[in-house]
Amino acid sequence: MGVHLHTELTAIRSNSNDRYYTDILSGYNALLSQKNEGERVLTNLFHSEGNEETLDFNELDPSNIYHISDIKALCINYRLRFLDSKLFKGTFPVEAIEAIKTFESEQNREITGFKMIAPAPMFKLTEKDKDPLLMVPMGGEYYYLLAKWGNDLHPLRKIMVYPFRDFESLLKTVLVFCLAVALLFPESLIRSPKDTGTIVHLRVILFFWMFFSTSAMTALYGFSRMKNFNTNLWKSKYLD
């Protein structure tokens, strides 16, 4: 069972108190049924710079309104990007197009400001099987969830990207890893026949040796691969 981004984003907001080919065929069917409207919506999506929209609040569903702090927390936790829809290189399915048309009808105006929450590869013409969220800026650092599609994220993604959240998270990960190795390493491989110290002393030495060596390798790998932390990437349109 995967991680549903819509459910996860809603949970974050509560805590803070405030199908590739099928999609293409469905999109073409939507365009054929209402060609001009479909082309107009897609043009707006692929050219949107995320400008704020003046919306009729009486026609909005309060459960679909999210603050920027909630979105930021979601992106940092799962290493996602929050960018203008013009940078999105995935496929907009018929559900998204129809959701925009319905929303425009309810608001009695054309909508041109769109933002996307999705993994970085979806902004680089690669993986297209994730779970993006389409949102409309409504001012005051609030955003309205318009549509979602695709498959859920892997349930272990939050754990796998935890070290990349920020420097503190990376340091915690290194410390826990080194502590686990020092505690679980077999005593027979630590102690030599000439060692006179207790096993506790030997494990403490092993821990510090592991910590310094692992920290050095982590820094070397991070700089060589030019990896950045989630806190710096979630609104960046550039590579890691």
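Taking every pair of Cα atoms in segment 41-144, average 1/r, invert it to obtain the Kirkwood radius, and report Rg/Rh to two decimals.
0.94
In which sequence would F208, F88 go, from the one with the fewest C-beta neighbours within 10 Å to the one with the most?
Ascending number of Cβ neighbours within 10 Å: F208, F88.
What's the extension gain from H154 to I68 if we count 0.36 nm per residue and subtract their Cα-Cα distance?
Gain on extension, H154 to I68, equals 28.6 nm.
What order do you get for W209, W149, W234 when you list them from fewest to most C-beta neighbours inside 10 Å?
Listed from fewest to most nearby Cβ atoms, that is W209, W149, W234.
Mind listing the phi-derived Karplus ³J(HN,Hα) values for segment 213-219, rounded to whole Hz, using 6.51, -1.76 and 1.60 with θ = phi - 60°, and x for any glycine or proline?
My calculation for segment 213-219 gives 5, 5, 4, 5, 5, 5, 5 Hz in order.
A short reminder: the numbers here are calculations on the coordinates, not readings from a lab. What you are looking at is a predicted structure, and each value in this text was computed from that prediction instead of being measured. Cβ sites come from the backbone with ideal geometry, for glycine too, and all protein chains shown count toward neighbours.
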